[in-house]
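Below is one structure, written out as structure tokens; comments come after it.
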């Protein structure tokens, strides 16, 4: 129990740090996207802001999970963590939809990027910062088995990958294939949807009390069968 509380406290700290980091990176990317006209940079900025909101939901869930059980919630608030993961997934779907719309408009119009070098530098910096934070978060999530933080860590790794996808798209656009910037925006949207799907599935299973641990089930059955008075087991 003490280790679980320690894990939630560590997760709460890293999630709050993640909120401010992603918020700053997202604003930075969107501001520079206005100067450069890069859709891929704008998409990655929106992605970072949505990730900041995801981290905020995760922080809220972990904060509530540390509360003591009450008369109304005698088993504690641990499912708040899974509920926030579900809310985060819904937010990601909305962010992906907006990115798809902007990318489609850019793809069907004569869209040209200016100041490619600035866009590339911003994407590289945000990508490496996101990677460092994602590895920290994944370590804590795996150590203490925290679902919402694991979703956030996976989302952060996706954010890192999408930054480098956007970087590649802007670079190819600089080489002469102008439509690649809008295509990069589409790819970032796809990355977001994949993380949203996993988060929706895992959080829904937890909220519905789904259980799938064949090894643990087999071990329990063997323990029960050790008693002579028990003749057999039925599902």
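Every residue in segment 92-114 that is in contact with a helix residue (DSSP H, G or I) (Cβ under 7 Å, 6 or more places away or on another chain) and over 12 Å from residue 43 (Cα atoms), please.
Of everything in segment 92-114, those that are in contact with a helix residue (DSSP H, G or I) (Cβ under 7 Å, 6 or more places away or on another chain) and over 12 Å from residue 43 (Cα atoms) turn out to be 92, 93, 107, 111, 113, 114.
Condition (residue is more than 14 Å from residue 11 (Cβ to Cβ) and at pLDDT 80 or above) applied to segment 135-148: is it met by at least one residue?
Within segment 135-148, one or more residues are more than 14 Å from residue 11 (Cβ to Cβ) and at pLDDT 80 or above.
If residue 113 passes every condition in (1) crowded, with 18+ Cβ neighbours inside 10 Å; (2) closer than 27 Å to residue 39 by Cα; (3) within 16 Å of the chain's Cα centre (by Cα) but one, which one does it miss?
Just one mismatch for residue 113, condition (3).
In segment 130-157, how many are touching a residue at least 40 places away in the same chain (Cβ under 8 Å) and surrounded by 18 or more Cβ atoms within 10 Å (Cβ to Cβ)?
15
Please go through (1) modelled with pLDDT of 85 or more; (2) surrounded by 24 or more Cβ atoms within 10 Å (Cβ to Cβ); (3) within 22 Å of residue 178 (Cβ to Cβ) for residue 22 and return the number of the only condition it doesn't satisfy.
(3)
May I ask you to list the residues in segment 15-32 that are more than 17 Å from residue 160 (Cβ to Cβ) and free of Cβ contacts under 8 Å to residues at least 40 places away in the same chain?
Selection gives 20, 27, 30, 31.
The values are calculated or read from the model by the stated rules, or taken from the named source; none is laboratory data. Predicted model only: the values in this text are computed from it and were never measured. Backbone-built Cβ (ideal geometry, glycine too); neighbour counts: all protein chains shown.
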